[in-house]
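Each value in this text was obtained by applying a stated rule to the coordinates, not by laboratory testing. Fair warning: this is a prediction, and the values are worked out from it, not measured in the lab. In this analysis, Cβ positions are derived from the backbone assuming ideal geometry, glycine residues included, and neighbour counts consider all displayed protein chains.
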Amino acid sequence: MFAEFFDGRNPFDTFFVQRNGDDEDGDDAFTAFHVGGFGSVGFPRGRGGPEGACRKQDPPVLYDLKVSLEEIYSGCTKKMKISHKRLNPDGKTVRNEDKILTIEVKRGWKEGTKITFPKEGDQTPNNIPADVVFVLKDKPHGVFRREGSDIVYPAKISLREALCGCTVNAPTLDGRTIPMVFKDVLKPGVKRRIPGEGLPYPRTPDQRGDLIIEFEVKFPDRIPPSSKTLLEQILPV
């Protein structure tokens, strides 16, 4: 109800979600969430006023929705199976009920984006069910790290390459490789940008951020005396 369907995506793609930061990923097609802790028992009605006059809504129930950079790049569908309590027709007792909540993760969504499902928490005779809220979290990536709509690729080069120039084959999120030739001196931590090869902008997904190459220079552990003498003659003070 708070998401749009993405063309070309399988709405039953496998997804991995954690509750409150857990690191375990489920293998089932749906991940189950238990919204509250009440059993299937009866609840006394409130006293001291008209029926329902003192009811208050429970605080929101929050879950982490972990997604990969590839999923943010392309967009994806997540399906979460929640288990919550619902009132029986007698208005006094409750039953367990499972429900599938569908989230269409849009291209470029930022970490911290919240997706709210109103009143999907536990229902009792004396409360207003809580909202169920999923908070987008980035999964750690093996190659890149995210900086907003930019992605950073740490390129490790030797001291020789840093001084004499080198070619870096920069990977992209969609599986391509972009060869970049550098002829100038590359200091440790220096960055070079490849425009438009990052993540989509949330509000204008047809445009993308940059792929940033961040250089890490590997220094040798030791230098032979002959090479050291030569370097002292060549390198500036």
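Details
- Rounded to 5, percent antiparallel among DSSP beta bridges of region 140-237: 65
- Residue 116 versus residue 96: modelled label distance in nm, points set 7 Å from Cα along the beta carbon direction: 3.0
- Against the empirical curve 2.2 N^0.38 Å, the C-alpha radius of gyration of region 153-237 lands at a ratio of 1.43.
- Model label points for residue 88 and residue 207, set 7 angstrom from Cα along the Cα-to-Cβ axis, are 5.8 nm apart.
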